[in-house]
Structure formats: structure tokens, C-alpha cells
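The values are calculated or read from the model by the stated rules, or taken from the named source; none is laboratory data. Keep in mind the model is a prediction, meaning the values are calculated, not measured. FYI the Cβ positions are ideal-geometry reconstructions off the backbone, even for glycines, and counts take in every protein chain you see. With ligands, DNA and RNA removed, areas are computed over all heavy atoms of the protein, side chains included. Shrake-Rupley method; radii C 1.70, N 1.55, O 1.52, S 1.80 Å.
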Amino acid sequence: MEQGSDPLVSPIARRVLEHLVDWWPAPRDADALAFGLTGPDGDRHLLTVMEALCDAGLVMYEAIVMRDGAPCFRDTVITQSGFAALQAMQRRHPGRG
């Protein structure tokens, strides 16, 4: 993710929302690997995106805990607003993820 880019419209945000829809309605613990984010920047990118998604009311999680030195989001779920935001992303950019 480029510095200064909007994390809410990033491919990572879309990937997170798509995974959470697949997991609905059960809350799940989620880390970078759960969303297919690998490499040295995966955890940092996920933190940035999850913070933005939560601040926007698109996802909810109970807590952030550290597992093996990496952040894990406990009991993560997509909100109704998150469903609507994902649908809007898919209408604007079908097939992109």
C-alpha cells in the first residue's frame, strides 16, 4: 500500500471485506495470513486497513492480541455497512480484488 493512499479503497480492504462475507455470520480470529497477506509488510498493511475499516464502521472486532509477534483481530465480523461498502466496490470494479 502506498503511503498516503486511502486504505478504505485499497485492494487489501476489499480482500478483508470479501473474506468476512465468506465467514459470515460467525466471528473469527483474523491475522494477515487469514487474508492472504504475506511478506514483511503484511501485518503493517493489515493494521492500517483494519483500523480504517473499523473507524468507518465497516468491521468490528473484540480486541487486537499479539500471536507470535503478529497482530490478531479477535472475533472479527463485517457490519451491515461493510456489506454495502463491498457491494459498492464490486459494482465500481467488478472482478477486481
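Answer yes or no as to whether Gly42 is crowded, with 16+ Cβ neighbours inside 10 Å and either without any contact (Cβ under 8 Å) to a residue 24 or more places away in the chain or of a type in the set (Asp, Glu) (or both).
yes
Filter region 26-39 down to the residues that are in contact (Cβ under 8 Å) with a residue 40 or more places away in the chain, of a type outside the set (A, V, I, L, M) and either in a helix (DSSP H, G or I) or open to solvent by less than 90 Å² (accessible area, probe 1.4 Å) (or both) and list them by number.
If the condition is that a residue be in contact (Cβ under 8 Å) with a residue 40 or more places away in the chain, of a type outside the set (A, V, I, L, M) and either in a helix (DSSP H, G or I) or open to solvent by less than 90 Å² (accessible area, probe 1.4 Å) (or both), then Pro27, Asp29, Asp31 are the ones that fit.
Would you check which residues across region 54-85 are farther than 19 Å from Trp23 by Cα, part of a loop (DSSP other than H, G, I, E, B) and touching a helix residue (DSSP H, G or I) at 6+ places or on another chain (Cβ under 7 Å) and list them?
Across region 54-85, the qualifying residue is only Ala56.
Name the single residue that is least open to solvent (accessible area, probe 1.4 Å) among those in region 55-81 being touching a Gly at 6+ places or on another chain (Cβ under 8 Å) and touching a residue at least 40 places away in the same chain (Cβ under 8 Å).
Val59
Of the conditions (1) in a helix (DSSP H, G or I); (2) out of contact with any helix residue (DSSP H, G or I) (no Cβ under 6 Å at 6 or more places or on another chain); (3) open to solvent by 50 Å² or more (accessible area, probe 1.4 Å), Ala88 clears all except one; give me its number.
(3)
Please give the number of the condition Glu18 fails out of (1) surrounded by 12 or more Cβ atoms within 10 Å (Cβ to Cβ); (2) charged (D, E, K, R); (3) within 17 Å of Pro7 (Cβ to Cβ); (4) more than 9 Å from the chain's Cα centre (by Cα).
(4)
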